[in-house]
Amino acid sequence: MACNGAKKPLLSGLVDSTSPRIDECTPYRRRFRRVKSAPVTELVPSDISGNGPIPRYESFFGGRHQSLKQVAVFLAVYLGLGTLCFYVVRGDIKGKKSNPILDSLYFCIVTMTTVGYGDLVPDSAPVKLLACVFVFTGMLLIGLILSKAADYLVEKQEILLIKALRMHQKLDPAAFLKEIETNKVKYKCYLAIIILSVLMLVGTIFLYMVEDLDIIDAFYCVCSTVTTLGYGDKSFSTVYGRMFAVFWILTGTIALGQLFLYIAELFTESRQRALVNWVLTRRMTHLDLEAADIDDDGVVGAAEFVVYKLKEMGKISEEDIALVMKEFEDLDVDQSGTLSASDIMAQATQTHK
């Protein structure tokens, strides 16, 4: 390919003009600058050796504080309303009872998580319908918690886990950030397993010591609870037991659900990485070259090559490319094939008219 005859690629403006050149054709061996919208260096921790404080990663956690607050509000409203409703109709709920308010909250949690021990059950048609409403809204709320709050809380502990695992290694800031990005899902799985294991251990010990179950029955009750199986032959029956269950059942079932989500995400990510590796290692053919030539000029520039590879990896689609090209054409007021400050000003002028 001749150097002077080739059309100037779309990404040529990103080439570092100060970089050394070996010969006349080295513009095709480009070293691109960091895109200005990419994560800035301020997000990289200044001290990860174990002596300094853990940094806060706004790129990971930014915008999630509001979601966490919304989930907390929805949960509080659900539990408050559910407790009040089931307290009012407590006479139509039969089973092993302790404290009226505590039983109402406990029944609300058991309904929400679909554990359904059977130690407290509706005994009239209106209460059964009320339980149906709360079980569906509760499942919806559990899904919201799994997608928002639980993931946020796990990610908040992710850096602590990485620091603990790498405490004997001195990673530079860039390597630390790369470690988080590369193995993010794997560390989430580790954390979810740890959290679930701790919750199951605490639940087993509590049932053994407070509910007077033997160790096998205690572990059996824990497993049937976190999996929402809820056979009902073993459950929380004492006042202190139900006080503990109000918090433990909710966190235990959510922890298991979150672990399953992370495992599925890990398998999906593994398949995606295998696809990316296949795309990057296979040899280009003439058919690939023709497919990558978006503007049909017989030459594949850097931008066209990147777009083609991303499309092969499944990261973008033909529709995505068409939408972006449509936006480019709208911004390219002078139809020069490039964007400049004059194009942006002209487009803004047309918009205000």
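The values are calculated or read from the model by the stated rules, or taken from the named source; none is laboratory data. All figures in this text were calculated on a predicted structure; none of them were measured in a lab. In this analysis, Cβ positions are derived from the backbone assuming ideal geometry, glycine residues included, and neighbour counts consider all displayed protein chains. These accessible areas exclude ligands, DNA and RNA; they are computed on the full protein's heavy atoms, side chains included. Shrake-Rupley method; radii C 1.70, N 1.55, O 1.52, S 1.80 Å.
Within the accessible area of segment 195-350, what % is carbon and sulfur when the probe is 1.4 Å and the other protein chains stay in place?
Using a 1.4 Å probe with all protein chains present, segment 195-350 comes out at 66 percent carbon and sulfur.
As I understand it, the dipole of segment 294-335 uses +1 on the Cβ of Lys and Arg and -1 on the Cβ of Asp and Glu, about the Cα centre. Which of Ile294, Gly314, Phe328 lies farthest toward its positive end?
So the residue furthest toward the plus end is Gly314.
All other residues with a Cβ under 9 Å from the Cβ of Tyr208 taken together, and with Lys, Arg as +1 and Asp, Glu as -1, what is their net charge?
Computed value for this residue: -4.
Starting from the Cα of Ile193, step 7 Å along the direction of its Cβ; do the same at Arg271; then give the gap between the two resulting points in nm.
Here the answer is 2.2 nm between the modelled labels.
Kindly give Rg over Rh for segment 219-258, based on alpha-carbon atoms, with the Kirkwood expression for the hydrodynamic radius. Can you show the working numbers first?
On the way: Rg = 9.8 Å, Rh = 10.3 Å.
We get a ratio of 0.95 for segment 219-258.
Using a cut-off of 11 Å between beta-carbons, work out the net charge of the residues near Asp217 (Lys and Arg +1, Asp and Glu -1, Asp217 not included).
-3
In nm, what is the difference between 0.36 nm times the number of residues separating Ala72 and Glu319 and their Cα-Cα distance?
My answer for the length gained is 85.1 nm.
Using a 1.4 Å probe on the protein heavy atoms only, what accessible surface does Ser98 show? Give it in Å² to the nearest 10.
Rounded to the nearest 10, that gives 50 Å².
Which value, in Å³ per residue, describes the convex hull spanned by the Cα atoms of segment 79-153?
About 87 Å³ per residue, rounded to a whole number.
Got a sec to turn the phi values of segment 306-323 into Karplus ³J(HN,Hα) couplings, 6.51 cos²θ - 1.76 cosθ + 1.60 with θ = phi - 60°, whole Hz, x for Gly and Pro?
5, 4, 5, 5, 5, 5, 4, 6, x, 7, 9, 10, 4, 5, 4, 4, 4, 5
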